[in-house]
1. Among the residues of the stretch 20-28, are any in contact (Cβ under 8 Å) with a residue 12 or more places away in the chain, surrounded by fewer than 15 Cβ atoms within 10 Å (Cβ to Cβ) and over 9 Å from the mean Cα position of the chain (by Cα)?
2. So which residues in the stretch 3-19 are of a type in the set (Lys, Arg) and either surrounded by 10 or more Cβ atoms within 10 Å (Cβ to Cβ) or modelled with pLDDT of 90 or more (or both), if there are any at all?
3. So Leu58 ticks every box in (1) part of a helix (DSSP H, G or I); (2) among the hydrophobic types (A, V, I, L, M, F, W, C); (3) at pLDDT 90 or above but one. Which box is left unticked?
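The values are calculated or read from the model by the stated rules, or taken from the named source; none is laboratory data. In this text, all values refer to a predicted model and were calculated from it rather than measured experimentally. Backbone-built Cβ (ideal geometry, glycine too); neighbour counts: all protein chains shown.
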Amino acid sequence: MSRRTEYRNEVKTRLSDRTYDGMQAFKALHGIESDSAALSRMADLLLFGTVGNLPANLIDRSANSAQNGTRVAA
């Protein structure tokens, strides 16, 4: 019977603990399951910016609800 090599998470091995923890938070925020999908999404954001990359739970939100006080005509 052949011996199988022990599984090792290459992403976790190559990233610092701080960076890996940040990636886990990013995955949770965007509902991403795999490390490779998260890295792909982060690369897209880094290379191409944030336009069109808002998470689905933020798309239908309005900035108007964040206004404080009464509205006064200028």
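1. Looking through the stretch 20-28, none of the residues is in contact (Cβ under 8 Å) with a residue 12 or more places away in the chain, surrounded by fewer than 15 Cβ atoms within 10 Å (Cβ to Cβ) and over 9 Å from the mean Cα position of the chain (by Cα).
2. Of everything in the stretch 3-19, those that are of a type in the set (Lys, Arg) and either surrounded by 10 or more Cβ atoms within 10 Å (Cβ to Cβ) or modelled with pLDDT of 90 or more (or both) turn out to be Lys12, Arg14, Arg18.
3. (3) is the only condition that Leu58 fails.
Residues are listed down the side, and each one gets a yes or a no for (1) of a type in the set (S, T, N, Q); (2) at pLDDT 90 or above; (3) exposed (fewer than 10 other Cβ atoms within 10 Å of the Cβ):
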position: Ile32; (1), (2), (3): no, yes, no
position: Ala37; (1), (2), (3): no, yes, no
position: Ser40; (1), (2), (3): yes, yes, no
position: Asp44; (1), (2), (3): no, no, no
